[in-house]
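Everything below concerns the one structure shown next.
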Amino acid sequence: MSCPSPFCRSASLALAAVAALVLLTPVSMSPARAQAAQQATLSDGAKSDKAKSGNTKPQAPQTTAATGAGNAAAVDQANPAQQKSLTAKAIDKVKEVAKSASDIFSRVPCLPPKGGAKSMGSLPRVASKLAAGEPVVIVAFGSSSTSGYGTTSPEFTYPNRLAAQLRRQYPTADITVVNRGQGGEDAPEMMKRLQVAVLDMKPDLVIWQVGTNAVLRNLDPTETIKLVEEGIARIQATGADLVLVDPQYSPQVTERGESASKMVKLLGKTAELRHVGVFPRFEVMRDWHEKQAIPIDNFVIADGLHMTDWGYACFAQLLGDNIIRSVGQVKIGVNVPAHVQTYRPM
């Protein structure tokens, strides 16, 4: 079927312009991420159920034609100027989406702690499989800061950020990162679902964020550690690598300073004794504020507990850098720098 030639030429130019701009968008911008980022931008930062579901679609351009919403026939095909205007809007929207997903670290650079934080240790299983190009399964296990409460889009949770970083680093690898965060839980609840949520996934690496809700509930840290030790033994029995993530440095946690400090120390000591990794989130976030002079509200949302998009992104970046370093250590003959740059767009 033919169409009026002025419209055909305009439509072709429009499609070419949008396609070219999409090609210039960073590689990490998948369609799902672009859609999620666009939802976050259009909501002016407000958290809505639609944004959290990640299933909503951008609204179709408003037109004056008497046709159904989203119908392409609503464009006046005899009016190239109108088509040009819609094309310009589409290009602006692509730019907006790209910016929202890539400028988090340009606003606040993600830098490692000054003086360096202790390494979370080697990860022989996941590192060996990544080095060999074998499929890898990573399970993020924890509570609300694993599920991503506080993010403006599901794509900005730390497990999704970590997956994107590792896939950029190892583009030919089959990497699966499963989010098993459940808000409000701590060790007692987590242990009840450990088998189904974690072990049945046959993971190569488990990242277990635990301890924060125990501090908030004033639970005995030693009782929490007993359950964590049981969980460690069950995870290690599968041959998976394990990294513990201690509580976040945030107002609701630090106001319970004695309990928080004891929990952080006990988790660190347990990781050392059981020969598993630990990501010192409390130490890292305190460094952001006390040594890097980053305001609390740059990395903690208004509830005084959960992290912002930037906080989750930097946490994921530093965690991913540790995994990448571990892969470098098992690659014979490959000289990997001792310190991986962390300031790069995600």
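Aliphatic (A, V, I, L, M) and closer than 18 Å to Leu194 by Cβ, is that true of Val278? Let's see the steps before the verdict.
Working: aliphatic (A, V, I, L, M): yes; closer than 18 Å to Leu194 by Cβ: no.
Spelling it out, it is not the case that Val278 is aliphatic (A, V, I, L, M) and closer than 18 Å to Leu194 by Cβ.
Given the criteria in the same structural domain as Gly133 (by TED's automatic domain parsing) and modelled with pLDDT under 95, does Ile323 qualify? Step through it out loud before you land on a result.
Details: in the same structural domain as Gly133 (by TED's automatic domain parsing): yes; modelled with pLDDT under 95: yes.
Spelling it out, Ile323 is indeed in the same structural domain as Gly133 (by TED's automatic domain parsing) and modelled with pLDDT under 95.
If you check Val206 against the conditions, is it touching a residue at least 40 places away in the same chain (Cβ under 8 Å), part of a helix (DSSP H, G or I) and surrounded by 23 or more Cβ atoms within 10 Å (Cβ to Cβ)? Steps first, answer last, please.
Details: touching a residue at least 40 places away in the same chain (Cβ under 8 Å): yes; part of a helix (DSSP H, G or I): no; surrounded by 23 or more Cβ atoms within 10 Å (Cβ to Cβ): yes.
The answer is no for Val206.
Being in contact with a strand residue (DSSP E or B) (Cβ under 7 Å, 6 or more places away or on another chain), surrounded by 15 or more Cβ atoms within 10 Å (Cβ to Cβ), without any contact (Cβ under 8 Å) to a residue 60 or more places away in the chain and hydroxyl-bearing (Ser, Thr, Tyr): is that true of Ser261 here?
Here the answer is no, as Ser261 does not meet what is asked.
Within the range 247-258, count every residue that is in a helix (DSSP H, G or I), surrounded by 14 or more Cβ atoms within 10 Å (Cβ to Cβ) and not hydroxyl-bearing (Ser, Thr, Tyr).
The initial filter retains those residues of the range 247-258 that are in a helix (DSSP H, G or I), namely 251-254, 257-258.
Still in the list and also surrounded by 14 or more Cβ atoms within 10 Å (Cβ to Cβ): 252-254.
So of that shortlist, the ones also not hydroxyl-bearing (Ser, Thr, Tyr) come out as 252-253.
Number satisfying all stated conditions: 2.
With part of a loop (DSSP other than H, G, I, E, B) and not aromatic (Phe, Trp, Tyr) as the only criterion, which of Asp297, Asp303, Asp287 stands out? First the steps, then the outcome.
Details: Asp297 fails: part of a loop (DSSP other than H, G, I, E, B); Asp287 fails: part of a loop (DSSP other than H, G, I, E, B).
Just a single option satisfies the conditions, and that option is Asp303.
Kindly evaluate Arg286 against the criterion of being farther than 19 Å from Ser143 by Cβ, in contact with a helix residue (DSSP H, G or I) (Cβ under 9 Å, 6 or more places away or on another chain), assigned by TED's automatic domain parsing to the domain that holds Ser122 and at pLDDT 95 or above.
Details: farther than 19 Å from Ser143 by Cβ: yes; in contact with a helix residue (DSSP H, G or I) (Cβ under 9 Å, 6 or more places away or on another chain): yes; assigned by TED's automatic domain parsing to the domain that holds Ser122: yes; at pLDDT 95 or above: yes.
Criteria met by Arg286.
Please enumerate the residues belonging to the range 209-232 that are among the acidic types (Asp, Glu), part of a helix (DSSP H, G or I) and more than 27 Å from Val136 (Cα to Cα). Even if it seems obvious, please write down each step before you answer.
Step one: of the range 209-232, the residues among the acidic types (Asp, Glu) are 220, 223, 229-230.
Within this subset, residues satisfying the condition of being part of a helix (DSSP H, G or I) are 223, 229-230.
If the condition is that a residue be among the acidic types (Asp, Glu), part of a helix (DSSP H, G or I) and more than 27 Å from Val136 (Cα to Cα), then Glu223 is the only one that fits.
Out of all the residues in the range 209-224, which are buried (at least 18 other Cβ atoms within 10 Å of the Cβ) and at positive phi?
Scanning the range 209-224 gives a single hit, Gly211.
What's the number of the condition Gln292 fails, among (1) assigned to a loop (DSSP other than H, G, I, E, B); (2) surrounded by fewer than 18 Cβ atoms within 10 Å (Cβ to Cβ); (3) touching a helix residue (DSSP H, G or I) at 6+ places or on another chain (Cβ under 9 Å)?
Status for Gln292: all satisfied but (3).
Residues Leu199, Leu194, Leu244: which one is surrounded by 22 or more Cβ atoms within 10 Å (Cβ to Cβ), closer than 23 Å to Pro159 by Cα and either at pLDDT 95 or above or among the aliphatic types (A, V, I, L, M) (or both)?
On the way: Leu199 fails: surrounded by 22 or more Cβ atoms within 10 Å (Cβ to Cβ); Leu194 fails: surrounded by 22 or more Cβ atoms within 10 Å (Cβ to Cβ).
Within the list Leu199, Leu194, Leu244, the selection yields Leu244.
Can you say whether Asn160 is part of a helix (DSSP H, G or I), assigned by TED's automatic domain parsing to the domain that holds Arg274, at pLDDT 95 or above and within 30 Å of Lys265 (Cα to Cα), as far as the supplied structure shows?
Working: part of a helix (DSSP H, G or I): yes; assigned by TED's automatic domain parsing to the domain that holds Arg274: yes; at pLDDT 95 or above: yes; within 30 Å of Lys265 (Cα to Cα): yes.
The answer is yes for Asn160.
The values are calculated or read from the model by the stated rules, or taken from the named source; none is laboratory data. Because the structure is a prediction, the values reported are computed rather than measured. FYI the Cβ positions are ideal-geometry reconstructions off the backbone, even for glycines, and counts take in every protein chain you see.
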